[in-house]
Amino acid sequence: MWVSFVLGTAFGVEFLLRATVEIREVRMGAKFNFFSILRCVPLVNDLVPLEVPRREEPLVVDGFVKAHEKVHLLCHHRMKRNLARMSIFLLVIFGLVVALNDLRLNAWQALLVLHFLFAILRLPYHLITWLQEYDADALAVKELHSAIAQRSLEKLTIREIPHSALFAFLYQEHPTAKMRLRQVSTKKK
Ligand SMILES: [Zn+2]
């Protein structure tokens, strides 16, 4: 049946694309571990955590972190994120209903359709959250000073598992601390 063929091909393509990203990460200095494999497998990557977070450095809530969080609050970023999440959820349900109606999917096929819809719509969602993070940083820098922001973000880079921008965009709601630091460093008070 052609639906199985299309979904099977999509499964294979996603696996290959994610594996390519993992190989690129390792070449750029990231560690290869069990989570790297789990991230490549469609459906499994929805269920497992991204990776084990670093534990050694506690998060320091300094002036910059407070100013950054204040911007999130004043600009209603959380509400906008929730709205975006809700829209994605409704789009996915709509897509699934259409697929179930027109294609007569079995349970596994329906699960795969759900997975692919979420995997694709996650990217515009990350674009929204990344813009919010950069906005919050930029306005926090205006309130404090870029040197304070830089010191704070340098501390954050130590806590972070280093990943490329591509990896971060695929998996995280935040740009990496290194990317934020670069952005903040170009801003002048
Ligand atoms: Zn933030």
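Only the coordinates and a few stated rules stand behind these numbers; no lab work does. This one's a predicted model, so the numbers in the text were calculated from it and none came from an experiment. So basically every Cβ, Gly included, is an ideal-geometry build from the backbone, and we count neighbours across all protein chains shown.
Trypsin sites (Lys or Arg not before Pro) within the range 1-31: which are DSSP loop residues with at most 12 other Cβ atoms inside 10 Å?
31
Mean-square fluctuation check for the chain, GNM, Cα pairs under 10 Å: which of 105, 47, 166 is largest?
47
Helix 77-103 against the longest principal axis of the chain: what's the angle in degrees, Cα atoms only, rounded to the nearest 10?
10
Where the only charges are on Cβ atoms (+1 Lys, Arg; -1 Asp, Glu), what is the dipole of the chain about its Cα centre, to the nearest 20 debye?
So the dipole magnitude of the chain works out to roughly 540 debye.
Enter the angle in degrees (range 0 to 90, nearest 10) between the Cα long axis of helix 146-159 and the first principal axis of the Cα atoms of the chain, meaning the one along which they spread out most.
Tilt of helix 146-159: around 50 degrees.
Full extension from residue 50 to residue 119: what is 0.36 nm times the residue separation minus their Cα-Cα distance, to one decimal in nm?
23.5 nm
Putting +1 on Lys and Arg Cβ atoms and -1 on Asp and Glu Cβ atoms, find which of 177, 112, 161 reaches farthest to the positive end of the dipole of the chain.
Final value for the positive-end residue is 177.
Please give the calculated 222 nm ellipticity per residue for the chain, where each DSSP H segment of at least 4 residues contributes -39500 (n - 2.57) and the sum is spread over every residue; nearest 500 deg cm²/dmol?
Counting only the DSSP helices, I get -25500 deg cm²/dmol.
For the chain, build the charge dipole from Cβ charges (+1 Lys, Arg; -1 Asp, Glu) around the Cα centre, then report which of 44, 34, 124 sits farthest towards its positive end.
124
Mind listing which chymotrypsin sites (Phe, Trp or Tyr not before Pro) in the range 22-113 are in a DSSP loop and have 16 or fewer other Cβ atoms within 10 Å?
Answer in residue order: 32.
At 0.36 nm per residue, and after removing the present C-alpha to C-alpha distance, how many nm does the segment from residue 172 to residue 108 gain when stretched out fully?
20.4 nm
Helix 2-27: angle to the longest alpha-carbon principal axis of the chain, degrees 0 to 90, nearest 10?
Helix 2-27 sits at roughly 30 degrees to that axis.
So how do 161, 88 line up by other beta-carbon neighbours within 10 Å, fewest first?
Least crowded to most crowded, the residues run 161, 88.
What is the gain in length, in nm to one decimal, between residue 186 and residue 3 on full extension, counting 0.36 nm per residue of separation less the C-alpha to C-alpha distance?
Extending this stretch completely gives an extra 60.9 nm.
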